[in-house]
Amino acid sequence: MADFRFTNKELYCEGLKVSTIASRVGTPFYLYSYHKLVTNFNEIKKAFSPINPLVCFAMKSNDNMAVIKALAKEGAGFDIVSGGELQKALLAQADPRKIVFASVGKTDEEIILAIKNGILFFNVESEPELVEINRLAKKLNKTVQAALRINPDVSAATHDKITTGTLQKKFGIDLKTALRMIKSSSKYSSVKIKGLHIHIGSQITTVEPYVKALSKVSSFIEEVRAAGGKLEYLNLGGGIGISYTGEKVPQPKDYAQRLLPILKKVGLKIIIEPGRYISATAGIFVTKVIFVKDNGVKKFVIVDAGMNDLVRPSLYDAYHEIIPLKSTRNKRIKVDVVGPICESGDFFAHGRMLPELKRGDLIAIMDAGAYGYVMSSNYNVRGKVAEIMVKGNQMSIVKERESFKQLIAGENIPNFLK
Ligand code: LLP
């Protein structure tokens, strides 16, 4: 993470000292490096440049408007999963012709919004959804494009909760049904089935599952062509994993090297939907040590952030590197880093060797730009934290810390309790 680096034993984000930002905005907060964000995006673009794919950033990984705007300016498209994401993308001036919409449960309102705004594709996840999109498009007097999200039934060797491409999971359409839908596509006069979509999972750290899925998809494409289906696009989904622990993982160029020959043979326009690869390493999460306590068996470093702010460790047992913002103490001790929430699952690290920390110290939880803020909640009546973006020597508060007033807005006491 060169955009997050130590100079004179102090952590910097681009040209700014992270501790200075902390003293200005208070803790906890998410901090994004603009440079790292666009670099990650362009790295993927460059790796796959021989086939010039449309890179649709998976907004679910980080939907901050500054992040969307920064990527839209670089030419990114967006992979969305809700009407809310669509509205945010449009507000940030994303090009609707570069927006693809996946979700197993699109509501009528969401479908209508997407049709009216002229998105590139619906990634259709079931037959009843296709029927509904067709009905609504007809009603609106529009013809829309769809890609069928097929479920290739390949396991992706990642955490079970983020595996998607097997038939044990709710996602996509099995090949038999998909072929039947394509064969009967004349029934859907307001929808053009123009492509296929796959997304086999997230935080994938080997190229193999993609090769396997692609080989299944390639033979399926042959079947579709034989059945008279006219495809233009293949969307490979997201999933490129990053190294949270420092171990070596394949980089975009490694994926490209293995996949480009296969993709060239497929001969369709390619869409990819990376989220984590672009946003994870572009963000850190900064929190402050409130207390240190030793119960005779274990030492606990209690910080001012909780699982409501960053849920990945609690939810997936995810590992995030933790670094004090000032690296002046060398002695390392084994600690649990925990939050103030009333659950034992509220932790950021278990049994981690860290430099000795004391009250008031600031720490950075690394690689937190993806699935960090977006998954945060108000559990325990805790306001959402601030989000900051740095470019060079400039910092900007790209999302204000949520006030108590904002937190309770919309809550009403019923008359019978007054
Ligand atoms: N496309 C589709 C259809 C997806 O469902 C996803 C992620 C992506 C693209 C982007 O995948 P990525 O490149 O970010 O791996 N909250 C979990 C990850 C959930 C992923 C959901 N789908 C986590 O914190 O690890």
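Worth a mention:
- Peptides 94-105, 355-366, 179-190 ordered by average Cβ neighbours within 10 Å, highest first: 94-105, 355-366, 179-190
- Along its first, second and third principal axes, ordered by size, region 102-272 spans 53, 34, 28 Å in Cα coordinates.
- Selected from Ser155, Pro261, Ile173, residue furthest toward positive end of dipole (region 102-272; charges at beta carbon): Pro261
- If R0 equals 30 Å, the separation of the Cβ atoms of Gln168 and Phe300 corresponds to a calculated FRET efficiency of about 0.20.
- Of all DSSP beta bridges in the chain, antiparallel share, percent nearest 5: 50 percent
- Sequence-distant contacts, meaning Cα pairs under 8 Å at least 6 residues apart, place the relative contact order of region 251-385 at 32 percent.
- Carbon and sulfur %, accessible surface of the chain computed with the full protein complex present, 1.4 Å: 53 percent
- Average accessible surface for the chain: 45 Å² per residue, computed with a 1.4 Å probe over protein heavy atoms with every protein chain in place.
- Note on Lys17 and Lys142: with the Förster distance fixed at 45 Å, the Cβ-Cβ geometry gives a FRET efficiency of about 0.30.
- Region 102-272 - percent relative contact order, Cα under 8 Å, separation 6 or more: 21 percent
- Computed from the C-beta positions of Lys9 and Ser49, the FRET efficiency with R₀ = 41 Å rounds to 0.55.
- Three semi-axes describe the equivalent ellipsoid of region 1-78; taken as square roots of 5 times the Cα gyration tensor eigenvalues and ordered largest first, they are 28, 16, 8 Å.
- Restraint check, Lys69/Lys391; Lys36/Lys248; Lys161/Lys288; Lys192/Lys253, Cα-Cα greater than 22 Å: Lys161/Lys288; Lys192/Lys253
- Rolling a 1.4 Å probe across all protein chains gives Cys342 an accessible area of roughly 100 Å².
- Other residues whose C-beta falls under 10 angstrom from the C-beta of Ala227 contribute a net charge of +1, scoring Lys and Arg +1 and Asp and Glu -1.
The values are calculated or read from the model by the stated rules, or taken from the named source; none is laboratory data. Quick caveat, the model's predicted, so the values are computed rather than measured. All Cβ positions, glycine included, derive from the backbone under ideal geometry; neighbour counts span all protein chains shown. Keep in mind that these areas ignore ligands, DNA and RNA; they rest on the heavy atoms of the full protein, side chains included. Shrake-Rupley method; radii C 1.70, N 1.55, O 1.52, S 1.80 Å.
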